[in-house]
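First the structure, in the form of structure tokens, and then the observations on it.
Rule-based calculations on the coordinates, nothing more; no lab input. Remember, it's a predicted structure, so these values are computed and weren't measured experimentally. Cβ sites come from the backbone with ideal geometry, for glycine too, and all protein chains shown count toward neighbours.
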Amino acid sequence: MSRKMLVIGEARDGVLRNVTFEAIAAAKKVSTDGEIVGVICGADDLEAAGKEMIYYGADRVITVKNDQLKTYTSDGYGQALLAVIDEESPEGIIMGHTAIGKDITPKLASKMESGLISDAIQIEETGENLVFTRPIYSGKAFEKKIITDGLLFATIRPNNIKALERDDSRSGEVTAKSVEMKDLRTVIQDVIRKSTDGVDLSEASIIVAGGRGVKSAEGFEPLEELADVLGAALGASRGACDAGYCDYSLQIGQTGKVVTPDLYIAVGISGAIQHLAGMSNSKIIVAINKDPEANIFNVADYGIVGDLFDVVPKLTEQIKQIKV
Ligand code: FAD
């Protein structure tokens, strides 16, 4: 299939998020022979990020640099991206289903009077059709979507479509486009980050998540140590967040982040349906809980019945020894 595809890249502090590379791989799936054009917006030098998109499979990249694009606003990014879309007239657009992706893509789709397949986890070619699979009903079922005509516009869930191998022998043009921002209604004065450390939760391949069973903010410490040795991100249930043991930015579930890591370690989490909605599609689930009847064991691949304050430090020690 041959379509001109636009991949919207996402950088954080100048570094491209991995989902950008996954989006390029997704674009290649829907357009094996067509041109893949990347686009990145920001206020810093975007040349290096543009080249990185080429190493991961883009044919050329357009950068839009403007001081007013320093921090994401749907207003500013909307204007920049619509200007690129107008000029390029792509037949398909793909972006990560991230906080920014969830915000900007419906806006772009409505401006272009197009449909949008959001949160796709798989793309397959079946005969003449491209079939997009996306979870529905909080991950309890999957629906298949086919685009028959018009613009192919989709967001992909991080960690589901494998990025292509980085190949720094690839070359392609990185061109800067200037876009004049008009009548911006949202201006971000300052950004105060609650958590800057550690691995990004939505893109992490390993997550150690704690629930109300950790009993206090200090109770998270053994989990942090385990996360450290595994190179994992720390997550939490809403129970733990509501109890004030950790920040809400760590919440996983129906009203928190949806994650699909390779390994999810649920510690002191009962497995309420709203929590499962955010993590049950993880590839391998390990549950540590002192209650053998806890619902989390119904979705777990491996279960450890025991006191987390006993089990987690032992696990950390064992992993340290394997790693030496
Ligand atoms: P609990 O249910 O209290 O479970 C604690 C677990 O820890 C128990 O299983 C217990 O056996 C175990 N435990 C205790 N001590 C130890 C120990 N020493 N060692 C080992 N195990 C121990 N929840 C989410 O997580 N994410 C959401 O996004 C979310 N959205 C919601 C949206 C709505 C509209 C509603 C109504 C609820 C939502 N919830 C969400 C809340 C959800 O229903 C549960 O209340 C919550 O997930 C429970 O958190 P928990 O498992 O940490 O706590």
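Below, the figures for the structure above:
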{"item": "Segment ASP45-SER138, length gained on full extension (0.36 nm per residue, minus Cα span)", "result": "29.6 nm"}
{"item": "Lys/Arg +1, Asp/Glu -1 at C-beta; the chain dipole; positive extreme among GLY127, LEU276, ALA43", "result": "LEU276"}
{"item": "Neighbourhood net charge (11 Å Cβ-Cβ; Lys/Arg +1, Asp/Glu -1) for PRO90", "result": "-3"}
{"item": "Other-chain or far-sequence residues with amide H under 5 Å of PHE142's (modelled H)", "result": "ILE136"}
{"item": "Order of LEU223, LEU276 under a 10 Å beta carbon neighbour criterion, fewest first", "result": "LEU276, LEU223"}
{"item": "Flagged links, alpha-carbon separation over 26 Å, of LYS28/LYS107; LYS70/LYS107; LYS65/LYS144; LYS102/LYS290; LYS162/LYS290", "result": "LYS65/LYS144; LYS102/LYS290; LYS162/LYS290"}
{"item": "Net charge of neighbours whose Cβ lies under 12 Å from the Cβ of ILE288, counting Lys and Arg as +1 and Asp and Glu as -1", "result": "-1"}
{"item": "Beta bridges per DSSP with both ends in the chain, % antiparallel, nearest 5", "result": "20"}
{"item": "Relative exposure of GLU128, GLU224, judged by other C-beta atoms within 10 Å (fewest first)", "result": "GLU128, GLU224"}
{"item": "Cut-off of 10 Å, at most 10 other beta carbons, DSSP loop: longest stretch of the chain lacking such trypsin sites (Lys or Arg not before Pro)", "result": "1-161"}
{"item": "Contact order relative to length of region 57-194, as percent, for alpha carbon pairs under 8 angstrom and 6 or more apart", "result": "38"}
{"item": "Exposure proxy order (Cβ contacts within 10 Å, fewest to most) of MET181, MET279", "result": "MET181, MET279"}
{"item": "Estimated [θ] at 222 nm from DSSP helical runs (n ≥ 4, -39500 (n - 2.57)) normalised by residues in the chain, nearest 500", "result": "-8000 deg cm²/dmol"}
{"item": "The chain - percent relative contact order, Cα under 8 Å, separation 6 or more", "result": "14"}
{"item": "Span from the region 69-116 Cα centroid across to the region 159-190 one, whole angstrom", "result": "11"}
{"item": "Using θ = phi - 60° and Karplus 6.51 cos²θ - 1.76 cosθ + 1.60, couplings along region 10-17 (whole Hz; Gly, Pro as x)", "result": "10, 10, 10, 6, x, 9, 5, 6"}
